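To keep things clear, I will list the structure first and then write my remarks on it.
The values are calculated or read from the model by the stated rules, or taken from the named source; none is laboratory data. Everything numeric in this text was worked out from a predicted model, so none of it was measured. As a convention, Cβ positions derive from the backbone with ideal geometry for all residues, glycine included, and neighbour counts pool all protein chains shown. Side chains included, ligands, DNA and RNA excluded: accessible areas come from the protein's heavy atoms. Shrake-Rupley method; radii C 1.70, N 1.55, O 1.52, S 1.80 Å.
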Amino acid sequence: MAVELDVFVGNTTIMDEEVYQLWLDGYTVNDAVKVRMVSEGMEEYEASAEVVMSDTMDQYRTFQMCERLLHNPTKLANQLLFQIPPHRQAMLIERYYTFDDVFVREVLGKKLSKGTKKDLDDVSSKTGITLKSCRRQFDNFKRVFKVVEELKGPLVENIRQNFILSDKLARDYAAIVFFANNRFETGKRKLQYLTFQDFAFCAGQLIKNWTVGAVGESVFLYVLDNMVEDMDVDLDKEFLQDLKELKILITDKDLLDQHKSLVCTALRGKTKVYTEMETNFKNLSRGLVNIAAKLTNTKDVRDFFIDLVEKFIEPCRSDRWASADMRLYLTHYTNSAHLLDTFKYQVVWDRYMGVIKSCIFKMYHD
Amino acid sequence: MPGKLKAKIVAGRHLPVMDRASDLTDAFVEVKFGNTTFKTDVYPKCLNPQWNSEWFKFEVDDEDLQDEPLQITVLDHDTYSANDAIGKVYIDIDPLLCSEAASVISGWFPIYDTIHGIRGEINVLVKVDLFNDLNRFRQSSCGVKFFCTTSIPLCYRAAMVHGFVEELVVNEDPEYQWIDRIRTPRASNEARQRLISLMSGELQRKIGLKVLEMGGNAVVGYLQCFDLEGESGIVVRAIGTACTLDKLSAGANANAYTHPNTAPASNACNSPSKDSKESPLAHGCRSTHNSPVHSTCSAQRLSQNFSVSVPTLIFAGMGSGGSVGKEAGPLKMLLRQQTQTALEQREFPFFTLTCFPPGFLVHVGGVVSARSVKLLDRIHNPDEPETRDAWWEEIRQEIKSHAKALGCHAVVGYSESTSICEEVCILSAAGTAAILNPRYMREGCLDIGSGDHRFDEPSPPSCGFCHIPYDELNMPFPAQLTYCYQCRRQKVPDVLFTTIDLPTEAAVSGKGCLIQARLCRLKKKAQGEVNATSISNLLPFMEYELHTQLMNKLKLRSMNALFGLRIQISIGENMLLGLASATGVYLSALPTPGGIQIAGKASGDLSNEQHVLSIQKRINDAMAKNKEMYHINPPKLFALDPEVFHGINMELSEEAAGSPIPEPKQRSRLFRSQSESSDELSELDLSHGKKDAFVLEIDDTDAVEDIHSLLTDAPPPAGFYSCNTEVMPGVYNWTSGLQMFTSVRVLRLSNANLTNQSLNKIFTDMCENLLKSLYFKLRSMIPCCLCHVNFTVAVPEDELIQVAVTAVAMSFDKEPILEKLGDRAVFKGAGENEDQLQFPMELCAESASVAISNLTAKFTGVPEYAGGPSRATSVDYGSFADRCSTWLELIRLKAHTIRRGSVKTSRRTQSLARSVSSSERCSPLPEGRSRSLRSTRSSGGGGGGTAVTVVKMTPLSFLPGTRLIKYLGIINMFFIRETTSLREEGGVSGFLHTFIAEVFAMVRAHVAALGGNAVVSYSMKECVFMENPNKNQAQCLINVSGDAVVFVRDTDQEATPTLIHTSCGGTDGPT
């Protein structure tokens, strides 16, 4: 008495959000049925396992048929096969491209290659996310990466338009693309405490301030003229060169002392950890300026976050600085440099420290 | 009259990759009409080509225009080898031939391939210039409008209903031609699709000719079917009702009813009808096949043919015996005589309509049906379908004589169907015997102020149709007659079965429900005549069983009438399937059905008795529960008036005794007798020996089975109702949320030695589970009603049972709101007849007071009752039962409103806001689309990039909360899909799921291209599924039809307060 065939097709495509989520999470039909049977409101419909099974199969089939379109979300709006109300379309896309923060932390900064994809079963067992879901998320990253790689113009906007995502999700994808492109190291033990959102914020700062696209309208036109691609994806090479000039802040002894005294004057009496700040000033300053100076090397760019943690965040944390102390210190550290008469690189300094400041604020967890 | 067809190929999008090397396609298009073909240039290396071709012009005869589809083929250019076909689009240009329908076809069509399914889309523009505009439609049937809708289409007025038109054409099936052995499956499928498209075009044209000869201008209730007879060929046949329709313009809408006399006295459309009516050509003229040689040939073949005419049953209430052919007694009214003569001129006084303008239907006799088993023989000459014609002629004659036996001169809600297995074919026809008002059959009838006429009617229209049309002294079958519970002047049967929709004027207590009877009967495998004989021997038993089941289930629900009855009998190699569906209701005019009484075996076995008692209790419980669930509150009139009641009783018993008709043989376990509701029981003297119940005796397995099937039918879950008619009685405040769907299930019977019982159980469970699945799937639409639930069963192979359902789920507002009164009036009008729609405002403003005055009138008519004002609150009976209830509701609500006055107004504004937002959603460029639109442009692909029009589909003839402003023409499409990679496409379910979705998509695309935004009266006529999993192959044929329309929301006009809430509630449907 086997059911040979069982289909249900609505003129408006019926999609249950709960089942969609189960499908996205990589549940098999049988597992999904088990979950649904115990979920709320089922007894109300006297739903037997058979009925739920039939419904789940139908929905899974629908999702599979839709998946092809979800790979190219702009097609979803003008395809004719499924009649889906616009707000449902948006929901389908948004959910399909939503990823698990735990998962993305594992692959963030890694090359989106076949090799990485092969290791996904390890990621799956580590994070407890099904392999199917891992693969979907990974393929999403890769697909978005591939599409925006070849496009000119602002990264976030490109992602949003080509994949019809919400602003928030588009920004997250921009971060992932940015990290994958620059291969930032995020997997070291010392960085484990950082969440994806921390990194995404930093990526946003870097994209906004340190890339070619960040330099404003005139440069933007210039970029278009020269057909420079990936303006949001690659760091501004010229800027990285200029950063070398900041070394003067630590190599010139006078300048270093002058900077220290200015900062100390400003800080005195305003914080409990004043002495630690004073003693550590030179170390910390050397750390930050050295990071800046080395960024021309691709290898050092990759280590950018680990350097920040090792050279700055860890020393401060061992001295038990509070977040407020950190803010105070960095603010005065940045501003005092403007008062140095012999320091000529104010613009580069601001562009550098602006990002460093906000990154450290975000990365410094009490 | 020739015409010029012009087509322009604009662009393509989402084309498949045809060249693996470049991942691109070099696409070009061939445009073919008749024997002329044009080509576009090749648009190289692009998946979104912009051809922007010139206008391709075809100069053709209008006959071809009607028959042929425009055929568009998209190909991939290949320099070295043959060009690869990507897919095709067939465009039926018929809608362009009618001045009132579409003027241009323009839009994106899915490119369809029978092997790969939809492969991208193509944007096409099609126009037709018909020459000789002045006398545009005289020479051909161009311009005759076709409607699938089985009622008078909403924006038209029926000036005259001419009657039955039928036609069939036959041809060889390309799948069975010798050439099929050497050609590809694709070529064979395309040949079939094209042939069927041609045949339906031809059929439509021929029907159109008949309509013109009769003097009509439209066919309503057009029902076209395919019989795939295998080796013997393909038969395409159609029936319909010829009418003369007048378009109601938007402005005239308001005036047409109130000032009928201002309408022109004789309509231009009517003038030719006078001549043609007397002409014999009007009936079944077939000018194309008049070679005498051929016709004799076919006559011979006819005699060789095996043919069994099955003794058929007339279901008129209780009558389940054979049709004892008694002519109707002396006519009661002059009116009938007039009708009789008007109808006798017709060969077949049949009407495919199921809803009628008020006053059209005078009396309803009951269901008449006829079946005939035939052995198929190869159709040697396609130009000569006489054999098939003769078969149908036979059946129709039988139906006609059945109707006569019921004292009726017409058959309404008429339909025909076939079931074929190998060389055996069952032809079936069914309808409802009725007496019609002759006004509609005479010319210019409606111009003589139809309003005045209505007052002359001898019986109140609300119960008139229930009154027996036959002579009570010469009843065609044994039935228990009582005086009408509404007017108490005429006799009514105790149960009424019909194939039509519930008339709008009918007074109903409570809600209706879907009632199904299901039956499986095994039969031995056999060949030829032996097979046909065994089938025809089984048929009467099946009909009888189905009828008994229906009756039992009806009683179990405490209802007394069935509407929309449809009985399908399907044949397979080793079994017969029977499925009867209908909507049960409680008609206030008919007596309250009695209970069901279980009687055990005669032996005094104690355990057995206990068993009987427990079943009895379960049945009683079920009945009580059903009464409550369907809100059935039977009228109390007779209970309060025992004298009258007894009088009737006496009379009845005399009648029964003195009935000159011998009781047809009945099974001994069925005793039907006088039935009254349990309320009256206490007041009745039961010692008369009259059992007040329907007795089921459980002495054999059959009866156990009956009871089993009675009690296993699970009621729909809370918040759900279902019916197979157009609308659910008792539900009025629809929202615009609706979801049309098709669901198909195939079950493989694994067990080799099945018994009838186990097979029955499997089949019943299958149907029940399918319904449960539907309820579960649509749970987000609660409160909701499944309307027009249409089951089709088939036995595609030896051990397979296939059930397909198409229906629409419509949600409604549960809480009755103040606007209900007005809304209800509007709804009725919208559902049935435009005449009523013309004064919704008036009605809603005054109906409260009208209802009150009517009520008082009624009181004086029943003195005992008027004396007891304290009981007034429980009044719910009589011809104004429904209005009374609304009136009471109004009173209750008014009280309610006074108590929480401000709340009321706030709710109303809320509903206003909601309706606004819902109308926003259906605007052509909905929010959210614009975003995707922008992105399409920016990504540079897309081509055109216009958003997809939302097209609603419904099997009903209307869309709640909207007005249909234009009919764009009939949609009649036939598709074949085949695969040789079944597993890769997700198995049989994946394959069929995709195919059905593709069919929907193609229907929507065609409607959108015609400028429409909905399909009404949609139906899936055929879904033939064949599989061969071992070979990894499957094939499916689907035929769908419907009417393409343009609707506007009621709220799009200046919002009349009473109309608002019909479209509010604004859940944008099913998600």
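Quick notes on this one:
- The set of residues in segment B:27-41 that are open to solvent by 20 Å² or more (accessible area, probe 1.4 Å), closer than 18 Å to B:Lys88 by Cβ and in contact with a strand residue (DSSP E or B) (Cβ under 9 Å, 6 or more places away or on another chain) comprises B:Glu30, B:Lys32, B:Thr36, B:Thr37, B:Phe38, B:Lys39.
- Restricting segment B:57-87 to residues that are buried (at least 23 other Cβ atoms within 10 Å of the Cβ) and among the charged types (D, E, K, R), the residue that is nearest to the other protein chains (Cβ to nearest Cβ): B:Glu68
- Residues in segment A:238-253 that are in a helix (DSSP H, G or I), touching a residue at least 40 places away in the same chain (Cβ under 8 Å) and farther than 25 Å from A:Asp319 by Cα: 10 in all.
- Test: A:Asn335 is surrounded by fewer than 20 Cβ atoms within 10 Å (Cβ to Cβ) and under 26 Å from the mean Cα position of the chain (by Cα): no
- The single residue among B:Val731, B:Val727, B:Val789, B:Val746 that is surrounded by 23 or more Cβ atoms within 10 Å (Cβ to Cβ) and in a loop (DSSP other than H, G, I, E, B) turns out to be B:Val727.
- Search result, residues across segment B:214-240 that are part of a helix (DSSP H, G or I) and in contact with a His (Cβ under 9 Å, 6 or more places away or on another chain): B:Met214
- Each residue in segment B:980-997 was checked for being open to solvent by less than 10 Å² (accessible area, probe 1.4 Å) and within 7 Å of chain A (Cβ to nearest Cβ), and 5 of them qualify.
- Number of residues in segment B:764-784 that are polar (S, T, N, Q), open to solvent by less than 20 Å² (accessible area, probe 1.4 Å) and within 8 Å of chain A (Cβ to nearest Cβ): the value is 1.
- Test for B:Glu1022: is it within 12 Å of chain A (Cβ to nearest Cβ) and acidic (Asp, Glu): no
- Given (1) β-branched (Val, Ile, Thr); (2) under 32 Å from the mean Cα position of the chain (by Cα); (3) part of a helix (DSSP H, G or I), index of the condition A:Thr265 fails: (2)
- Just one of the listed residues (B:Glu529, B:Glu609, B:Glu573) is among the acidic types (Asp, Glu), free of Cβ contacts under 8 Å to residues at least 60 places away in the same chain and open to solvent by 10 Å² or more (accessible area, probe 1.4 Å), and it is B:Glu609.
Residue by residue, here is whether (1) facing chain B (nearest Cβ under 7 Å); (2) closer than 23 Å to A:Ala170 by Cα; (3) of a type outside the set (D, E, K, R); (4) more than 31 Å from the chain's Cα centre (by Cα) holds:
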{"residue": "A:Tyr20", "(1), (2), (3), (4)": "no, yes, yes, no"}
{"residue": "A:Lys34", "(1), (2), (3), (4)": "no, no, no, yes"}
{"residue": "A:Val38", "(1), (2), (3), (4)": "no, no, yes, yes"}
{"residue": "A:Asp58", "(1), (2), (3), (4)": "no, no, no, yes"}
{"residue": "A:Arg68", "(1), (2), (3), (4)": "no, yes, no, no"}
{"residue": "A:Ala77", "(1), (2), (3), (4)": "yes, yes, yes, no"}
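- Restricting segment B:765-785 to residues that are of a type in the set (S, T, N, Q) and modelled with pLDDT of 90 or more, the residue that is farthest from A:Val7 (Cα to Cα): B:Asn769
- Members of segment B:749-763 that are part of a helix (DSSP H, G or I) and more than 9 Å from chain A (Cβ to nearest Cβ): B:Asn756, B:Gln757, B:Ser758, B:Leu759, B:Asn760, B:Lys761, B:Phe763
This table checks each residue for (1) at pLDDT below 90; (2) in contact with a Lys or Arg (Cβ under 7 Å, 6 or more places away or on another chain); (3) farther than 19 Å from B:Gly34 by Cβ.
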residue: B:Thr184; (1), (2), (3): yes, no, yes
residue: B:Ser200; (1), (2), (3): no, no, no
residue: B:Leu203; (1), (2), (3): no, no, no
residue: B:Val236; (1), (2), (3): no, no, yes
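- Candidate set: segment A:175-214, residues that are in a loop (DSSP other than H, G, I, E, B) and open to solvent by less than 10 Å² (accessible area, probe 1.4 Å); chosen: the one nearest to A:Glu106 (Cα to Cα): A:Thr186
- The requirement of being more than 30 Å from B:Lys88 (Cα to Cα), modelled with pLDDT of 90 or more and among the polar types (S, T, N, Q) is not satisfied by B:Thr258.
- Qualifying residue in segment A:118-138 (condition: surrounded by 17 or more Cβ atoms within 10 Å (Cβ to Cβ), among the basic types (Lys, Arg), over 25 Å from B:Thr994 (Cβ atoms) and more than 14 Å from chain B (Cβ to nearest Cβ)): no
- Odd one out for B:Val948, checked against (1) buried (at least 17 other Cβ atoms within 10 Å of the Cβ); (2) part of a loop (DSSP other than H, G, I, E, B); (3) within 8 Å of another protein chain (Cβ to nearest Cβ); (4) modelled with pLDDT under 50: (4)
- Here A:Ala49 passes the criteria (1) more than 7 Å from chain B (Cβ to nearest Cβ); (2) under 33 Å from the mean Cα position of the chain (by Cα) except the one numbered (2).
- Whether a residue is among the small types (Gly, Ala, Ser), buried (at least 16 other Cβ atoms within 10 Å of the Cβ), within 23 Å of A:Asp252 (Cα to Cα) and out of contact with any Lys or Arg (no Cβ under 7 Å at 6 or more places or on another chain) was assessed, and A:Ser358 does not pass this test.
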